[in-house]
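Shown next, in structure tokens, is the structure this report addresses.
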Amino acid sequence: MPALTSPSAESSASADSAPCLFALDASRAWGESVAAQLGLPLTPHEERAFEDGEHKIRPLASVRGRDVYVLHSLHGDPAAGVDARLVRLLFFIGALKDDSAARVTAVVPYLAYARKDRRTKPRDPVTTRYVAALFEAVGTDRVVTLDVHNLAAFQNAFRCRTEHLEATALFARHFACLLRDEAIAVVSPDAGGIKRAELFRLRLERELGRPVAAAFAEKHRSEGVVRGELIVGDVDGRCAIVYDDLIASGTTIARTTAACRGLGARRVFGAATHGLFTGDAARVLADPGLDGLVVTDTVPPFRLPPGPVRDKLRVLSGAPLFAEAIRRLHANGSLTDLLDA
């Protein structure tokens, strides 16, 4: 990937043609990996906390007339909860718009509250829509994210422009190398994820040049309790890849793994774009029946202590994908064929 023009290397006119990249402190390591793919430095900014818990955040370079990209993942961690991360991002976008940035794009690899996209109980909030309204209120021009829980709900919630990236190619390349000569079945852990798993299965077939079987698991969730053991599809004698958008407590992956093993699967791998690993996930996923786990780097696996789960975890970098998306957006290009790249 050729480097974009760096502001430090060219004239002022050339500098203005390069995108301006910021990464908030809590996402700096990930932001640096994206910036490195683009061959650009991160633009400096200041984050200052006050004694009463308030804070301010501002750019330390002019963004007037610039095409600005702010890189920040909206997962909670020990330093800051989801809400604190979201507020910092929103306030910074507001400051950039006040400083006359021509366009501000929020590059959010993990989008908080994307799972609460509909009412499942009386008087439930539809938090995805409220988050969208907050982004729009501060003047966000575009939101770029990866593998949201419900694509239609995400696209319908936002009135500003959105770009949705998919990690299917990352996973397909990984498993095509790992399981080159194996019989494989791609398993959706619930009926709602069948389309997502099918896109991955088709991409894996392209990588392998041969058929890959499909299956899906029965799943019922109520008040955090997951039930259902039925598998529809043939996994007997195959390597099963349980494919989902997110791993939180691990119960869905563990339940589907047990069901696949019970039906004769030779090996079982879990794959999900976002690895939150909340609660008791380290114990739940330590089952030796699960041969491996693969996630992307949208959320660092900081909640997993050293042990069996960390030993079988593989983290794939999404930095090249996001860097190419930024490159194309800055050039007013299309991301359509990027999904097949």
Item to check | Pairs with Cβ under 6 Å, 6+ apart, first in segment 258-286 and under 29 Å from residue 321 (Cβ atoms), second assigned to a loop (DSSP other than H, G, I, E, B) and acidic (Asp, Glu) | outcome: 267/291; 268/291; 269/291; 273/147
Checklist entry - So which pairs qualify, if the first residue must be in segment 320-341 and under 20 Å from residue 30 (Cβ atoms) and at pLDDT below 95, the second must be assigned to a helix (DSSP H, G or I) and not aromatic (Phe, Trp, Tyr), the Cβ gap must be under 9 Å, and the two must be at least 6 apart or on different chains? => result 335/324; 335/325; 335/328; 335/329; 338/321; 338/324; 338/325; 338/328
Item to check | Single residue of 286, 323 found to be touching a helix residue (DSSP H, G or I) at 6+ places or on another chain (Cβ under 6 Å), among the hydrophobic types (A, V, I, L, M, F, W, C) and part of a helix (DSSP H, G or I) | outcome: 323
Checklist entry - Inside segment 132-160, can you point out the residues that are in a strand (DSSP E or B), touching a residue at least 40 places away in the same chain (Cβ under 8 Å) and not hydrophobic (A, V, I, L, M, F, W, C)? => result 142
Next on the checklist: Quick test of your reading of the structure: residue 163 fulfils all but one of (1) assigned to a helix (DSSP H, G or I); (2) touching a strand residue (DSSP E or B) at 6+ places or on another chain (Cβ under 8 Å); (3) surrounded by fewer than 19 Cβ atoms within 10 Å (Cβ to Cβ); (4) of a type in the set (D, E, K, R). Name the failing condition by number.
Outcome noted: (1)
Checklist entry - Between a first residue in segment 190-201 that is under 11 Å from residue 212 (Cβ atoms) and charged (D, E, K, R) and a second residue that is at pLDDT 95 or above and buried (at least 16 other Cβ atoms within 10 Å of the Cβ), which pairs have beta carbons less than 6 Å apart while being 6 or more apart in sequence or on different chains? => result 201/186; 201/212; 201/214
Checklist entry - Between residues in segment 110-131 that are over 18 Å from residue 247 (Cβ atoms) and residues that are of a type in the set (Phe, Trp, Tyr) and at pLDDT 90 or above, which pairs lie under 7 Å by C-beta distance while being six or more apart or on different chains? => result 127/113; 128/113; 128/154; 131/113
Checklist entry - Tally time: how many residues in segment 289-301 are in contact (Cβ under 8 Å) with a residue 40 or more places away in the chain, assigned to a loop (DSSP other than H, G, I, E, B) and crowded, with 24+ Cβ neighbours inside 10 Å? => result 2
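The values are calculated or read from the model by the stated rules, or taken from the named source; none is laboratory data. On a predicted model such as this, the values are computed, not experimentally measured, just so you know. Because the Cβ atoms are built from the backbone with ideal geometry, glycine has one as well, and the counts that use them run over all protein chains shown.
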